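The values are calculated or read from the model by the stated rules, or taken from the named source; none is laboratory data. This is a predicted model, so every value here is computed, not measured. For accessibility, only protein heavy atoms count, side chains too; no ligands or nucleic acids. Shrake-Rupley method; radii C 1.70, N 1.55, O 1.52, S 1.80 Å.
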Amino acid sequence: MLNFEEELKKFKPSLEVEEIEKAVYEEDLTDMTDILREMLEKAK
């Protein structure tokens, strides 16, 4: 049977996940709210 506590101690995230996380945080992500605000500003 698996000992989950021991397995969690051995866990190390892959470098790919860390790289993706960094890229996502550095990216300028525009969402629907931003687009709607911009549209409303232009409509005035």
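Being under 24 Å from the mean Cα position of the chain (by Cα) and open to solvent by 100 Å² or more (accessible area, probe 1.4 Å): is that true of GLU16 here?
The answer is yes for GLU16.
Mind checking which residues of the stretch 1-39 are β-branched (Val, Ile, Thr) and not in a helix (DSSP H, G or I)?
THR30
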